[in-house]
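**Q** First the structure, then my questions, so here it is.
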Amino acid sequence: MTEPILLTDEQMREFIVNGYLVFEPTVPEGTHETCYRKLNEIIDTELNPGNNILPRVPEMRHILNSPEVHGALISVLGPDYLEHPHRYCHPRKPAEEPVSEEEAYAGMLKGSHQDGYTPMGHPRQHYLRYARIMYYPQDSPVELGPTHVIPGTQFNRGLTDEDRARNMPVAGRAGTVSLTHFDIGHAAGVNRLSRYRHMIKFLYLRGAEPMAPSWDCKSSDWQKPQEITAPYDLELAWSHGWDWLCGKRDRYVSVAKATGDVSELVGRLEPGVQLEQRLQAAQALAGFGEAAAAAVPSLVECLGTDHQAMRVAATYALGALGEPAIEPLLEALRRAGREAAEHEVPPAWNEGAINMEDAAQALAALGGLAVEAVCGLLTDESEWTRINAAFALGEMDSHAASAVPALVARLEDPSHRVVRTTIDALGSIAKDVPLDALGQMLQADHPDWHDEASRNWVPRDQVRTNAATVCARLGVAAAPLEGKLFEALDDSCGHVSLFALNALQRIGSPTAMRVAMDYLYSQRWDASIDGQRQF
């Protein structure tokens, strides 16, 4: 593998703001033609291989291992990023009859969506913890129906007609790759031509909390990128994400200094004021810190139901105001929990992707200042409140190390939703995680965890998958769990075994590597076998 080509400061800023980048990888000659031919044959004669698309078309490893793709993934997810087991080929068959430009546009709009996490729900996260690679093996003009992206929607809790109208085609030559924030809105175009269109999706996730820039960083100072396609100025959220990616312990280092009058800015938060002015006011208040305590009630009012952009601005403004924001945000989570308790399943919990409360995102942005207070919600009578509390603590990363004992206690929670969120949180905090408790989660079971929830999966599968993922993230620190990871290779859920395999690879001991290689040899695929050649 050649040296990775890391993203520049400008490219990173673009990615944080817009949610996507487009580039072409350097690969051996003929790679794209071979991939395209094989994909055509597969789609013509077989069921879609789904997660098995890479061993069916192994030449695509050249794209994933190219210096550009490898470097981009290191840049946004860190050098120890993990490859997710889910990958998928999204074909668009040749057009059988003429399709007008207007019909194609309407079809694209109708298909606009944010991806769900596979195969069961996972919280949408503002921080860059998941990313997606989309690869096109063929020339993809707009008429062939390439994927369209909706810039700036990575913070959204759903798409509106306003969002859909901003779709932009990712057209390009054979070999074009787009790197996207996992939660960005997008849509497949409509194929109007007489040949196949393929887009192959690969998912990746962050292995560890960022401690320093992992791109080709020349300056850790925040500034807006030159190319902005996001529709609203959310610089407070952008700079906050930049500071996190730079490994700064204070995620508000880049907040603009206080200007203006607090009472006048609070007045501009009223719903009747023009949206752009409200956004500016919310973000300006962040510079005052605790001195803008009078703004807390108005900012909390913006959460949950306001315009998507306004909710994001208010979320990060509250995070910047410090102590005065904590109790109102806790009460917002208690209130959300009481409302959710009226339903059998929390309405916001969707086995595809879960939208956490804006108040939980704001508490996460507060960081270490809010850890003790949020821990108090882990024993709330509301399942939904406990879920949001665990999520918020996980988003604080190592700032929430003192919360580990309280989180470990929640592994006994009867709710698989609480348990799943808690395991994820422990993986993000990644400090002082008791390995015996984590090992038990690799084999966890509960009488209520066997009802099918999504795509033939049951909650037990996702609990164990989350546990195996944490083991992979911990790497060498998970070495005492080698024995349980060996057993996890035979788990009936393929995601569990693959993350367990990744954990063993990262542990890297002689026994771990021998078991991992034995497993891979048993799974070996001979790509030369076909109907005429059996050996």
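The values are calculated or read from the model by the stated rules, or taken from the named source; none is laboratory data. Since this is a predicted model, take the numbers as computed values, not measurements. Quick reminder, even Gly has a Cβ in these numbers, built from the backbone with ideal geometry, and neighbours come from all protein chains shown.
**Q** Among HIS126, HIS122, HIS84, which is the only one that is under 30 Å from MET211 (Cβ atoms), modelled with pLDDT under 95 and buried (at least 21 other Cβ atoms within 10 Å of the Cβ)? Steps first, please.
**A** Values: HIS126 fails: modelled with pLDDT under 95; HIS84 fails: modelled with pLDDT under 95.
Just one listed residue meets the conditions, HIS122.
**Q** Something else about it: Any idea which residue in segment 344-399 is nearest to the chain's Cα centre (by Cα), counting only those that are polar (S, T, N, Q) and over 25 Å from TYR252 (Cβ atoms)? Break it down stepwise before answering.
**A** Residues of segment 344-399 that are polar (S, T, N, Q), as a first pass: 350, 355, 361, 379, 382, 385, 388, 398.
Checking which are over 25 Å from TYR252 (Cβ atoms) leaves us with 350, 379, 382, 385.
Details: ASN350: 15, THR379: 27, SER382: 26, THR385: 22 Å.
Once the filter is applied, the top-ranked residue is ASN350.
**Q** When segment 406-445 is examined, which residues are found to be assigned to a loop (DSSP other than H, G, I, E, B), surrounded by fewer than 17 Cβ atoms within 10 Å (Cβ to Cβ) and among the charged types (D, E, K, R)? Full working, then the answer.
**A** Step one: list which residues in segment 406-445 are assigned to a loop (DSSP other than H, G, I, E, B), which gives 413-415, 430-434, 442-445.
With surrounded by fewer than 17 Cβ atoms within 10 Å (Cβ to Cβ) added as a condition, the list becomes 414, 431-432, 434, 443, 445.
Across segment 406-445, the qualifying residues are LYS431, ASP432, ASP445.
**Q** Could you list, in sequence order, the residues of segment 149-204 that are farther than 25 Å from ILE63 by Cα, assigned to a loop (DSSP other than H, G, I, E, B) and touching a Pro at 6+ places or on another chain (Cβ under 9 Å)?
**A** Hits for segment 149-204 are GLY152, ARG166, ARG192, LEU193, SER194.
**Q** Are there any pairs with C-beta distances below 6 angstrom linking a residue in segment 145-165 that is among the polar types (S, T, N, Q) to a residue that is surrounded by fewer than 24 Cβ atoms within 10 Å (Cβ to Cβ) and assigned to a helix (DSSP H, G or I), with the two at least 6 apart or on different chains, and if so which?
**A** From residues that are among the polar types (S, T, N, Q), the pairs are THR153/ASP163; ASN156/GLN308.
**Q** Also, quick follow-up: Does segment 44-59 hold any residues that are buried (at least 17 other Cβ atoms within 10 Å of the Cβ) and closer than 18 Å to TYR196 by Cβ, and which are they?
**A** Listed by number, the residues that qualify are PRO49, ILE53, ARG56, VAL57, GLU59.
**Q** Taking into account only those residues within segment 244-280 that are modelled with pLDDT under 95 and among the β-branched types (Val, Ile, Thr), which is farthest from GLY368 (Cα to Cα)?
**A** THR259
**Q** Out of the residues in segment 339-357 that are within 19 Å of ASP306 (Cα to Cα) and in contact (Cβ under 8 Å) with a residue 60 or more places away in the chain, which is surrounded by the fewest Cβ atoms within 10 Å (Cβ to Cβ)?
**A** Going through the qualifying residues, I end up with ASN355.
**Q** A further question on this structure: Looking at ARG334, ARG386 in this structure, which one is of a type in the set (Lys, Arg), surrounded by fewer than 22 Cβ atoms within 10 Å (Cβ to Cβ) and at pLDDT 95 or above? Working first, answer last.
**A** On the way: ARG386 fails: surrounded by fewer than 22 Cβ atoms within 10 Å (Cβ to Cβ).
Going through ARG334, ARG386 in turn, the sole match is ARG334.
**Q** Something else about it: Mind telling me which of the residues ALA360, ALA373 ends up being in contact (Cβ under 8 Å) with a residue 12 or more places away in the chain, closer than 20 Å to VAL312 by Cα and part of a helix (DSSP H, G or I)? Spell out how you get there, then give the answer.
**A** Values: ALA373 fails: closer than 20 Å to VAL312 by Cα.
The unique qualifying residue is ALA360.
**Q** Go through VAL69, VAL17, VAL22, VAL76 for me and flag whichever is within 19 Å of the chain's Cα centre (by Cα) and surrounded by fewer than 17 Cβ atoms within 10 Å (Cβ to Cβ). Step through it out loud before you land on a result.
**A** Working: VAL69 fails: surrounded by fewer than 17 Cβ atoms within 10 Å (Cβ to Cβ); VAL17 fails: surrounded by fewer than 17 Cβ atoms within 10 Å (Cβ to Cβ); VAL76 fails: surrounded by fewer than 17 Cβ atoms within 10 Å (Cβ to Cβ).
Within the list VAL69, VAL17, VAL22, VAL76, the selection yields VAL22.
**Q** Which residues, taken from segment 273-283, are buried (at least 23 other Cβ atoms within 10 Å of the Cβ) and either hydrophobic (A, V, I, L, M, F, W, C) or in contact with a Lys or Arg (Cβ under 8 Å, 6 or more places away or on another chain) (or both)? Steps first, answer last, please.
**A** Here is the first cut: in segment 273-283, the residues buried (at least 23 other Cβ atoms within 10 Å of the Cβ) are 278-279, 281-283.
Result: ARG278, LEU279, ALA281, ALA282.
**Q** So, in segment 288-313, exactly how many residues are touching a residue at least 24 places away in the same chain (Cβ under 8 Å) and among the polar types (S, T, N, Q)?
**A** Total meeting the criteria: 2.
**Q** Here's a follow-up. In segment 467-514, what residues are touching a strand residue (DSSP E or B) at 6+ places or on another chain (Cβ under 6 Å) and aliphatic (A, V, I, L, M)?
**A** ALA472, LEU498
**Q** Moving to a separate point now. Checking VAL170 against (1) within 17 Å of the chain's Cα centre (by Cα); (2) among the hydrophobic types (A, V, I, L, M, F, W, C); (3) closer than 18 Å to GLU14 by Cβ, only one condition comes out false. Which one?
**A** Failing condition for VAL170: (1).
**Q** For PRO231, are the conditions met, namely being part of a loop (DSSP other than H, G, I, E, B), crowded, with 22+ Cβ neighbours inside 10 Å and touching a residue at least 24 places away in the same chain (Cβ under 8 Å)?
**A** On the way: part of a loop (DSSP other than H, G, I, E, B): yes; crowded, with 22+ Cβ neighbours inside 10 Å: no; touching a residue at least 24 places away in the same chain (Cβ under 8 Å): yes.
No; evaluated as a whole, the condition is false for this residue.
A quick yes/no check of all residues on (1) crowded, with 18+ Cβ neighbours inside 10 Å; (2) in contact with a helix residue (DSSP H, G or I) (Cβ under 9 Å, 6 or more places away or on another chain); (3) farther than 12 Å from MET108 by Cα; (4) among the small types (Gly, Ala, Ser):
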{"residue": "GLY158", "(1), (2), (3), (4)": "no, yes, yes, yes"}
{"residue": "ASP161", "(1), (2), (3), (4)": "no, yes, yes, no"}
{"residue": "ARG164", "(1), (2), (3), (4)": "yes, yes, no, no"}
{"residue": "THR176", "(1), (2), (3), (4)": "yes, no, yes, no"}
{"residue": "SER194", "(1), (2), (3), (4)": "no, no, yes, yes"}
{"residue": "PRO213", "(1), (2), (3), (4)": "yes, yes, yes, no"}
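**Q** Check off (1) closer than 18 Å to HIS84 by Cα; (2) surrounded by fewer than 24 Cβ atoms within 10 Å (Cβ to Cβ) for ALA468 and give me the number that stays unchecked.
**A** Exception for ALA468: condition (2).
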